[in-house]
1. Quick check: residue separation of residue A:46 and residue A:469 times 0.36 nm, minus the Cα distance between them. What number comes out in nm?
2. Can you work out the Karplus-derived ³J(HN,Hα) for every residue in the range B:60-69? Use 6.51 cos²θ - 1.76 cosθ + 1.60 with θ = phi - 60°, whole Hz, and x for glycine or proline.
3. Other chains near B:170-179: what is the mean number of their Cβ atoms within 10 Å of each residue's Cβ?
4. Which order do the peptides B:29-36, A:107-114, A:398-405, A:329-336 take when ranked by the mean count of other beta-carbon atoms within 10 Å per residue, highest first?
5. Starting from the coordinates of the alpha-carbon atoms of the range A:22-501, obtain the Kirkwood hydrodynamic radius over all distinct pairs and give the value in Å to one decimal.
6. Could you work out, residue by residue across A:370-377, how many beta carbons of other chains sit within 10 Å of that residue's beta carbon, and then give the average as an integer?
7. Would you please state which residues of the range A:193-211 a label at residue B:104 would reach in this model, taking the label point 7 Å out along Cα→Cβ and a backbone N cut-off of under 18 Å?
8. So who's got an amide H within less than 5 Å of the one on residue A:91, skipping anything under 5 residues away but keeping other chains? H placed 1.01 Å off N, in plane.
Amino acid sequence: MFATLLQATGAGDKLVTPEVPWSHLAPQLILVVGATVGVIAAAALRGRLRRSVGAVGAAVVAGAAIVSIIPLWHRVSNPAQGPISAVNGAIGVDRFSLFVTALLCAAVILASFTAEAYLQREGLDGPEFSLLLLLAAAGGSVMAGANDLIVMFIGIEVLSLAVYVLAAMHARRISSQESGLKYFLLGGFASAFLLYGIALTYGATGTTSLLRVQSFLAERVLTDDGLLLGGLALMLVGFAFKVGAVPFHMWTPDVYQGAPSPVTGFMAAAVKTAAFAGMLRVFVVGFASYADLWRPVVGALAIASLVVGAVMSVVQTNVKRMLAYSSIAHAGFVLLGVDAASAEGTAASLFYLAAYTAMALGTFAVVTVVGGSGDGAHTLDAYRGLGRRRPGLALAMSLFLLAQAGTPVTIGFLAKLGVIRAAIDADQWALAIVAMLTAVISTFMYLRIVVAMYFAESESESDDRGELRIPWGVGVTIGVAVIATLVLGVVPGPLEHLSDDALPVLVAVDGR
Amino acid sequence: MFATSLVQTLTFAIAAMICVTGALGVVALRNPVHNALSLVATLFGVAVLFIAQEAYFLAAIQVIVYAGAIVVLFLFVIMLLGVDRAESFAAERHPLGLAVGGILGGGVMVLAAVTLFAGVDTATGRRSTVGALAPSDDLNRIGRALFTEYAFAFELTSLLLTIAVLGAVLLSRRASGPPIDLDEFPAEEPDADAEEVEA
């Protein structure tokens, strides 16, 4: 009977389902399976697990994902095998996606160690936090590899939904709830823009596959491309929102300020990295033939982000808001690399993102500690006299801030140098000059915090806020971030080598 | 030939009018229940457009899932929160924001109109980039697309649902105590906020 039914509907010919090259998708599978097992375990053993189990578990899963990347990296680097495009061209496995995935996993490890101490202090529920970090990283990893705009969109949504929930995690802080709601509403709005852009692009090219979009545009010159331009513009809006570029940055200060401090660090590091990865993949690779049209827009976004981020950060008094505006300025720097639309620019952007991941997670780990019980002490006053109370903590914070300002011998300097060099090579002198000027302006803001820590006396001589404790988790994060910031600042070779190799490619090779 | 295209144009015009009117109603009406019902009108209009494109399955799904299930869910939530609680947006109307929004929105409308009416091919460069549909019904085609080209995206949505469930469970948990940062919200009535967190 089924046979006749099939015959009647004209489905007689066999459906060829796509092959899934499981081994090539190992990093994403490890993240997702690890998170799923964690959810079940957390539900089954509710209340009987120590809080640190979640953090350590997430770190182990993310570490396993990084380990699984190593053989894959060698495999796609091997000219005999090369990068592939898996599951009917939906997701690409190339060195770009592997690099970004490794970066996201590193961010998960550091953020979950910071969060362990935070959850303990604030008395919040443990394992779900780390699980959401893992799921967010899986979404970001899918974005970095997406060869199809629909897959890109779902990746963004997976990442964003997890981070919306994380932002609203602190049930007892109204500002955390506010931050989650704001991020959710505005993020949903931005996603709608992105989706509309994808729909218009589909209308113009007849496909959502970046590979086929690319070949469609390579094979013909569109005499009228209003629909495609509209699609590109709307997609750019969606991505610009996710990276927090001006004028789509309005959510950043409020959300960064209200979200739990470890989440803010993860947002700054991982969400930005994943969003830029998606942007690089769609615009620099997929719409390379339209670079002349989108580059000026990206350049304008970069200038606006640099200027607004630097100027607004100077006038803030809340350190988390300062860092939020500074993250907008950092987004402007990465946009320089995107705007270059070259292999060099992409490599510089990736290097910058790696550097910023280390710096941001370290900075926000310190912010987590200084925030104190209740996560409320984030004014500049809270940092007064920190150099005397906790010299080590103040020293680490100074290092992170100076690195963000772009001081030589730190990774931040090399990162800024890389994107500015890429901009100059792409003949974007104006952009490069604006970037250097705004770097000077934001240095003032970073120095304000440093001065407060060392040269300002605490308001009340007797510390009524009590001794700041540095739990082991935060200690690990700060230690790793300090080492990364300094060592890679002096010996950038290995990371530079990796980011130079990690170029996104669109290939039609379907892996088995 | 002429008659068919006239019928098509008329169907499109009517359905599009229903869609746009509904969408305006969602934004402009004051009562949340009316907003939700306007959304039904929009979704219904889209369903009619699907039928005009011979996508009968999509049209049915549109009505059953969106107009049926999702809007009913919206109505449930609105009823639970209290229908008579009309929100006032008066305080949030900045004249500058209205002006900028109006100019940008108007600009997009004009741009869309120019693109549409300047010529048949202006928007895409070609009349149809997808080509004629293969001679099989839409149910078949959707199924094929889901299990071949979009298999990965289809599986990925399950991850999205997992996160949605996890997030809903997490955020609906009762807080372990009263809010601790009321001093950061001096202008607002602390009691109303406290209730919100407790709920």
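1. On the way: separation 423, 0.36 × 423 = 152.28 nm, distance 2.79 nm.
The residue A:46-residue A:469 span can extend by a further 149.5 nm.
2. Karplus-based 3J(HN,Hα) across the range B:60-69 equals 5, 4, 4, 5, 5, 6, 6, 5, x, 6 Hz.
3. On the way: counts 11, 7, 1, 4, 1, 6, 6, 3, 1, 8.
Rounded to a whole number, the mean comes out at 5.
4. Values: B:29-36: 15.5, A:107-114: 30.4, A:398-405: 25.1, A:329-336: 28.9.
My ranking of the peptides, most packed first, is A:107-114, A:329-336, A:398-405, B:29-36.
5. Details: mean 1/r = 0.0451 Å⁻¹.
Roughly 22.2 Å, rounded to one decimal.
6. Details: counts 0, 0, 0, 1, 2, 2, 4, 0.
Per-residue shielding by partner chains comes out at 1.
7. A:193-198
8. A:86, A:147
Taken together, the values in this text are just the output of simple stated rules run on the coordinates, not laboratory data. Since the model is a prediction, treat every value here as computed from it, not as a measurement. Positions of Cβ are backbone-derived with ideal geometry, glycine not excepted, and every protein chain shown enters the neighbour counts.
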